[in-house]
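What follows is a short report on a single structure.
The values are calculated or read from the model by the stated rules, or taken from the named source; none is laboratory data. Worth saying up front: this structure is predicted, and the values here are computed from it rather than measured. Cβ: placed from backbone, ideal geometry, glycine included. Neighbour counts: every protein chain shown. Heavy atoms of the whole protein, side chains included, go into the accessibility calculation; ligands, DNA and RNA do not. Shrake-Rupley method; radii C 1.70, N 1.55, O 1.52, S 1.80 Å.
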Number of protein chains: 2
Amino acid sequence: MKHALSVTREQDFAAWYQAVVSEADMAEESGVRGCMVIRPWGYGIWEQMQRQLDAEIKRTGHENCYFPLFIPLSYFEKEAEHVDGFAKEMAVVTHHRLIQKDGRLVPDPDAKLEEPLVVRPTSETVIGAAFSRWVQSWRDLPVLINQWANVVRWEMRTRMFLRTTEFLWQEGHTAHATEAEAREETLRMLEVYRRFAEDIVAMPVVAGEKPENERFPGAVSTYSIEAMMQDGKALQAGTSHFLGTTFSAAQNIRFQNSEGAQELAQTTSWGVSTRMIGGLIMTHGDDDGLCVPPRLAPWQVVIVPMLRDTAEDDALLAYCAEIAREIEAQDAFREPVRVLLDRKAAKATNKRWGWVKKGAPVIVEVGGRDMAGGNVSVIRRDRLYNEAGKLDSAVMARGDFVAGLSAQLADIQSSLYRTARERLDANIVRDILDADALSAFFEASPRPGWAEVNWSKPTGAELDAVVEWLKARKLTLRNVPVDALPASGTCIFTGNVAVERVLVGRSY
Amino acid sequence: MKHALSVTREQDFAAWYQAVVSEADMAEESGVRGCMVIRPWGYGIWEQMQRQLDAEIKRTGHENCYFPLFIPLSYFEKEAEHVDGFAKEMAVVTHHRLIQKDGRLVPDPDAKLEEPLVVRPTSETVIGAAFSRWVQSWRDLPVLINQWANVVRWEMRTRMFLRTTEFLWQEGHTAHATEAEAREETLRMLEVYRRFAEDIVAMPVVAGEKPENERFPGAVSTYSIEAMMQDGKALQAGTSHFLGTTFSAAQNIRFQNSEGAQELAQTTSWGVSTRMIGGLIMTHGDDDGLCVPPRLAPWQVVIVPMLRDTAEDDALLAYCAEIAREIEAQDAFREPVRVLLDRKAAKATNKRWGWVKKGAPVIVEVGGRDMAGGNVSVIRRDRLYNEAGKLDSAVMARGDFVAGLSAQLADIQSSLYRTARERLDANIVRDILDADALSAFFEASPRPGWAEVNWSKPTGAELDAVVEWLKARKLTLRNVPVDALPASGTCIFTGNVAVERVLVGRSY
């Protein structure tokens, strides 16, 4: 069977990923090191993600704000562990003017900043400084803030959506009177992310706590949602951190408690980024391109009229416009269906394959014969071929199609989730009992999935040794799933008594 | 009459502006030079602006994208006039790593960028580079793109919302096959901005073409909408540029036309920023704070229960929650009414004045007596005091209030617009016929408004002389209104034959 992309997942997963990004018009290289241009179809998906996650962030009581892009170096100097974690990858603004010199533009030596500014890699420090102004008394707590912003981390090796120098994200920041409340918030947002990933992105995840070596710099506890890509690797798709008093001590976020004593606030932070789009691609893409879950598709239905440059085209376009209006009057997921009538003057089969590669959930082709019969020809992107391996285009009465559309879109959404869920469940092994077997499991297959194993939760040097051992096998600790099996027996790394179970896998 | 702010517009307009920004919880100093923190009420207004302007930008055929924050110096070197316009105020990234030195963080000398990067002051150059990849044939045109982004211009004197080092905006960028089409687009977006300012922000504006000295660097024609603040000064609230082939020549945006010949594309750009919020404040603020037009209010109705820390509070809150549900079921401007029940444990009069200062359009107070009578006490923010100078709080039957709410919000919106329109119309003089009279007009009053005068549209040195003459009087040329009176007689500056009429005024 010939496919729309020039490379299949089986042949070369990394090249296939780039092909989808490019052929689905998601993004492209910008000419600026490590930065991409997010094109309309990619950005349209991000807008849908933003809108739906933002509603949930607000529903859980948070308000949006905006904080400065630039952070003075002195803000970072206050928290050693945090700066150690980010110093290696920070873009630094040192001048505020350019001048011409020998026909070239150069930074003006007379416009050097007294204190260089960092382009934010994350905003704990600058938001913490604001919290210290806002919080005086227990009555001012909790503070529940979110911002949608761009951040910059100077990565040496970049891949579109997965790891770019600049990326877009939301970062939530909260301050609370007690550790219990802050921990509850951390887990609440982890659960918001899990539901967003599963219900909206149709991407099943494992939510759990990161081991010590994978914690956010400055965090007391870091939680993540981990998704399994089609090559078996793990993608960390969102994180939620309980920060304790690390940042409130550094930024002086103090309040008078109800007994009149001064206390440090307990803070959290949590974020999801454009990386989620990379996860969507590697979860729902196939060898014909992308399939976008209907809840995220900028256009859930695309109508392609088979224009023939004849006098009949006008009637065909009018017929299609009527259908588009009927579709718009339908609801899916409690919102009007998003439908596009593709009027472009291009060959209909090219347009069809363009939308297949982009992954519009439902593609409706309408030719003269369809119009004459009051019909439409319907392609469901998640079931492109029939059992005989032919393109599965179903001729349907126009009224039946429109009446069934809402259910069809819901079915595509849940079917994409089910497929991904089955893949995840089938590819986590839970019966590996020693380190050799773990090594063997990951060597045995090019796309081995993950292993959930007993471990003793080592710390310090003992943990370092485990991490080194794994690194030599290109493996990482993902997280300790909140719904892992109970620990039993001994740690497969240290031989000590196991206290919990940890996920091991290759990762992005 | 005592007012909620510590300073009135009459006493000190600039101090009054800062008081509104601060007392209405719109924004605050961030501690980072020239950058502000936009707080929830200010950012909530921006979100409403974004949502409604974005819908109009999409309705007119544009798609959102995202382009890099960083622009290599070499991109700017290609267009001399453009770089001259921005070089003096560009933040420059020169390093990509920090190290510790003598206990301080410093840029790592070993991590100096080969080519420094500018933090975008505007994106014509980097978007032009993308257009040159996207456009090959006339079939690829028009390209109609918009992005919502942060930009940085290193301003020496900053004022919150009006002129900040970093600000938020949308920037539209389009490429067309013909000059006529590009000029039509430039004017289409000018009209979108005019309607947005007037219908949504309730801020009347004068749309027109900027004189040569006020053009965007690299533009062939620049158009603006100019709003009159309550101190009579002009605020440029949005601009739309016809760029001709300036950027397509610099960035090589070429296409094969339908006859097979190579041509340069004609481009446009247009933008509206968080500055609009400054315009909103200085249009609709009064000595008690802000009044937000209902179409932009994050909460259109705020319910303040008069809690008394007694057992009756629960019943009162339940009564208020019922009313809130009834209000949510109402529509205003074809959307559900946005209502907040303010449950905060604070003194009811403090809460009332907090919402007055923030400018919630309708404030509903509910006490025990209101509940007993099935009533509510309603304050309309745009008519805070009655003729006797007392707070105008009207007791209404709850059902009557809810049933009339949609009309009431519409009335507040149009009444705010009408007041501002009358002020604008009353404060443009059109009968000044010589330069001395112009001088005298602006000297005669501390808040003189604008003058629309005949001029000969001078260029080059002749224009420079006019601009200098005006500058000495703290005056600027605003724009040549699209609906100005016809020119007649001689130019008041040059004595030559007048060809059009130009607006003169003080400005932000």
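Remarks
- Residues listed by number, the range A:304-339, amide nitrogen under 12 Å from A:A397 label point at 7 Å toward C-beta: none
- In degrees, nearest ten, helix A:460-472 long axis to first principal axis of chain A (Cα): 30 degrees
- Tilt relative to chain A, helix A:179-195 - C-alpha long axis, 0 to 90 degrees, to 10: 20 degrees
- Bridge type composition, the protein assembly as shown - antiparallel percent by DSSP, nearest 5: 85 percent
- When nucleic acids and ligands are ignored and a 1.4 Å probe is applied, A:Y417 ends up with an accessible area of around 60 Å².
- Electrostatic dipole magnitude of chain B [Cβ: Lys, Arg +1; Asp, Glu -1; Cα centre; debye, to 20]: 920 debye
- Computed log10 I(q)/I(0) for the range A:313-370 at 0.19, 0.26 Å⁻¹: -0.77, -1.22, from the Debye equation with unit scatterers placed on every C-alpha and solvent omitted.
- Average projected area [Cα convex hull, the range B:43-191], square nanometres: 12.2 nm²
- Accessible area buried by the pairing of B and A, both sides summed with a 1.4 Å probe, works out to roughly 5300 Å².
- Inverse mean reciprocal Cα-Cα distance (Kirkwood Rh) of the range A:428-505, Å: 12.4 Å
- Along its principal axes, the range B:301-411 has C-alpha extents of 38, 34, 25 angstrom, given from the largest down.
- Cut-off 12 Å between beta-carbons: net charge of the residues surrounding B:E47, Lys and Arg +1, Asp and Glu -1: +1
- Our compactness index for the range A:157-273, the C-alpha radius of gyration over the empirical 2.2 N^0.38 Å, is 1.20.
- Under the Debye formula (equal points on every Cα, no solvent term), log10 I(q)/I(0) of chain A at q = 0.06, 0.09, 0.10 Å⁻¹: -0.34, -0.74, -0.89
- When the range B:13-284 is reduced to its Cα atoms, the Kirkwood hydrodynamic radius in Å: 19.9 Å
- The listed residues A:R501, A:R139, once ranked by accessible area (1.4 Å probe) with the largest placed first, stand as A:R139, A:R501.
- Comparing each chain alone with all protein chains together (probe 1.4 Å, DNA, RNA and ligands left out), the residues of the range A:150-164 losing at least 30 Å² of accessible area are A:N150, A:W154.
- Shielding by partners for peptide B:67-78, expressed as the average number of C-beta atoms from other protein chains within 10 Å of each residue's C-beta, is 6.
- Length-normalised contact order for the range B:411-508 - Cα pairs under 8 Å, 6+ apart - percent: 31 percent
- Listed residues A:A472, A:A484, A:L503: farthest to the positive end of the dipole of the range A:461-505 (Cβ charges): A:A472
- Mean shadow area of the range B:20-121 over all directions, Cα convex hull, nm²: 10.7 nm²
- Simple label model, 7 Å out from Cα along Cβ direction - B:T60 to B:E387, nm: 4.5 nm
- Mean projection of the Cα convex hull over all viewing directions, computed for the protein assembly as shown: 47.4 nm².
- Cα centroids of the range B:201-234 and the range A:239-261: 47 Å apart.
- Solvent exposure of chain B amounts to 40 Å² per residue of accessible area, where only protein heavy atoms count and the probe is 1.4 Å.
- Using Cβ point charges alone (K and R +1, D and E -1), the dipole size of the range B:45-141 about the Cα centre works out to roughly 260 debye.
- Here the gap between B:V497 and B:A345, fully extended at 0.36 nm per residue and compared with their Cα-Cα distance, gives a gain of 47.9 nm.
- Relative contact order (%) - criterion: Cα under 8 Å, at least six apart; region: chain B: 14 percent
- DSSP finds beta bridges in the range A:369-489, and of those with both partners inside it, around 75 percent are antiparallel.
- Principal-axis tilt of helix A:435-444 within chain A, Cα atoms, nearest 10 degrees: 30 degrees
- At 1.002 mPa s and 20 °C, Stokes diffusion of the range B:372-457 via Kirkwood alpha-carbon radius, µm² per second: 127 µm²/s
- Dipole magnitude for the protein assembly as shown: about 40 debye, using +1 per Lys or Arg Cβ and -1 per Asp or Glu Cβ, origin at the Cα centre.
- All other residues whose Cβ lies under 13 angstrom from that of B:S456 are scored, Lys and Arg at +1 and Asp and Glu at -1, for a net of -1.
- Protection proxy ranking for B:252-262, A:209-219, using the average of other Cβ atoms within 10 Å per residue and placing the highest first: A:209-219, B:252-262.
- Each peptide among A:106-113, A:360-367, A:48-55 gets the average number of other Cβ atoms lying within 10 Å of its residues, and from highest to lowest they stand as A:360-367, A:48-55, A:106-113.
- Space enclosed by the convex hull of the alpha-carbon atoms of the range B:118-223, per residue, Å³: 135 Å³
- With a 10 Å cut-off around each Cβ of B:105-111, the average count of Cβ atoms from other chains is 5.
- Highest to lowest packing among B:395-403, A:457-465, scored as the average C-beta count within 10 Å: B:395-403, A:457-465
- Simple spin-label estimate for B:A329 and B:E443 gives 6.6 nm between the two label positions (7 Å along the Cα-to-Cβ direction from each Cα).
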